[in-house]
Amino acid sequence: MQSKEFKDYICITVSTLNQMVNYIPLKHFEFKEVYNLTIDDSEYADNSKWDKNLKEFFPNIQDISFKQSQMGNIKAINRKLRQFNGKRVFWNITGGQRSFILAINQLIEKDDVICYLEGNKNRLILLKDNQEKKNIIKDYSLDKFEDLNIEIALKLMGFDIKITKTSERNFVTKHDPTEKTLYLDFWDKYIADKKLRENLILLNRDSEKDRAKKEIKKIINLSDKELDRNKAFGFILEKLAGYKILDLAGSKIADMTLGEKINFLDKKSQVNKSHIDEFDIALLTKNGKFMIFECKSGGMEGDIAKSTKYSIYAVSGAYGLPILITPLLKDEIENIDDLDSKIYGYIQSAIKSAKRASLDVWGLDEICEKLAKYIDIEKTKCK
């Protein structure tokens, strides 16, 4: 059920790539009418596609269109928006261009409400008559709306999922509890045992695989199916990170998948590929934050690192978080040039490529500490 706090209000949103910031208040509140401020001839952004993505979920939204040439003319914008004078308006300015925000600021009336989503603190800020309206909504979590999932988040950005035999969807609710226990136990041993970590790295090398496999099985009972697969450590690293993230933040996660492949919703944009990108771990919080984790057990070229960053930007906008999880620990990353290049050479190269592409790089032992910056995790879990 939506809140009826603003049922007599008209809601006005602003066209944006990150349509999640418009989706959230529209899910929470019931409005009399909804209008969308958009630009219909921009050479810099395809607002019409962004608007279409939101209308897939809210088809009754009405557009108020402007020309790009009007964006420098606040009076011209105001002339169109004066039709709402004397009406109660809920202005969502979160994704707004500066010109729209400046115009709105000149038009606000006493009963109007300004809405802004503070993503880092998961706050939906509501201002009326320059006073914050508190206790209407403590945070903007969408957990009461059971339909929030990664597929919706992707469609808001113009993408679709491609379900495959190897992708693990609904990882929050459909994971194997026995496997989870195994990997959490494995995680503790991994952090404590440098030799185990090195044997896992060597598992990816054909010349070292059999010897490394024997040493690993002395410590953790992974199946031959897991250890014998091609690039086995990459698969294992995804599971280690995935189960640790789930254990730390499971109650805050709306949806999580492993091996998520994506395509464009607009099939005309698809160019001779079965999918346009794949994300090792995709995570959507109940507050609509979209996080992508790439788990690299070996090398990663600079162009791949850049492609990953740009794909994540395309999928989740400037608020998206592209993160590289490495097999190393925090202190090893900080002293990366001191590591034995015969064992760690590919990983050293991958980390340097990721940093040049401005990807955030996490050691496996700092997942809790760094994840807590974006998701509210119980402090005791990071000890």
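The values are calculated or read from the model by the stated rules, or taken from the named source; none is laboratory data. Not measured: the values here are computed from a predicted model. All Cβ positions, even for glycine, are placed from backbone atoms using ideal geometry, and neighbour counts span all protein chains on display.
Brief remarks on what is shown
- Looking across region 104-163 at every residue that is buried (at least 19 other Cβ atoms within 10 Å of the Cβ) and among the polar types (S, T, N, Q), the one that is farthest from residue 377 (Cα to Cα) is identified as 141.
- Unique match (being touching a Pro at 6+ places or on another chain (Cβ under 9 Å) and of a type in the set (A, V, I, L, M, F, W, C)) among 117, 102, 142: 117
- Positions within region 241-279 being farther than 25 Å from residue 24 by Cβ, at pLDDT 90 or above and part of a strand (DSSP E or B), in sequence order: 258
- Residues that are within 26 Å of residue 76 (Cα to Cα) and of a type in the set (Phe, Trp, Tyr) were ranked within region 1-46; the one that is surrounded by the fewest Cβ atoms within 10 Å (Cβ to Cβ) is 44.
Every residue, every condition in (1) hydroxyl-bearing (Ser, Thr, Tyr); (2) buried (at least 19 other Cβ atoms within 10 Å of the Cβ); (3) under 24 Å from residue 143 (Cα atoms); (4) modelled with pLDDT under 55, yes or no:
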| position | (1), (2), (3), (4) |
| --- | --- |
| 287 | no, yes, yes, no |
| 290 | no, yes, yes, no |
| 297 | yes, yes, no, no |
| 302 | no, no, no, yes |
| 307 | yes, no, no, yes |
| 313 | yes, no, no, yes |
| 326 | yes, yes, no, no |
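- Residues located in region 182-206, provided they are surrounded by fewer than 12 Cβ atoms within 10 Å (Cβ to Cβ) and either of a type in the set (Gly, Ala, Ser) or free of Cβ contacts under 8 Å to residues at least 12 places away in the same chain (or both): 188, 192, 194, 206
- Any hit, region 73-85, residues being under 31 Å from the mean Cα position of the chain (by Cα) and hydrophobic (A, V, I, L, M, F, W, C): no
- Within region 23-46, being outside any loop (DSSP other than H, G, I, E, B) and over 19 Å from residue 81 (Cα atoms) holds for 23, 24, 25, 26, 27, 28, 29.
- Helices (runs of 4 or more DSSP H) wholly inside region 108-219 containing at least 1 residues that are touching a strand residue (DSSP E or B) at 6+ places or on another chain (Cβ under 9 Å) and among the charged types (D, E, K, R): 150-155, 171-174
- Of the residues making up region 328-352, those that are part of a loop (DSSP other than H, G, I, E, B) and out of contact with any Gly (no Cβ under 9 Å at 6 or more places or on another chain) are 335, 340.
- Close pairs (6 angstrom Cβ cut-off, 6 or more residues apart or separate chains): surrounded by fewer than 12 Cβ atoms within 10 Å (Cβ to Cβ) in region 217-229, at pLDDT below 90 anywhere: none
- Selection of first residues in region 360-383 that are without any contact (Cβ under 8 Å) to a residue 60 or more places away in the chain and of second residues that are of a type in the set (Val, Ile, Thr) and assigned to a helix (DSSP H, G or I), restricted to Cβ pairs under 6 Å at least 6 apart or on distinct chains, gives the following pairs, ordered by first then second residue: 361/351; 363/333.
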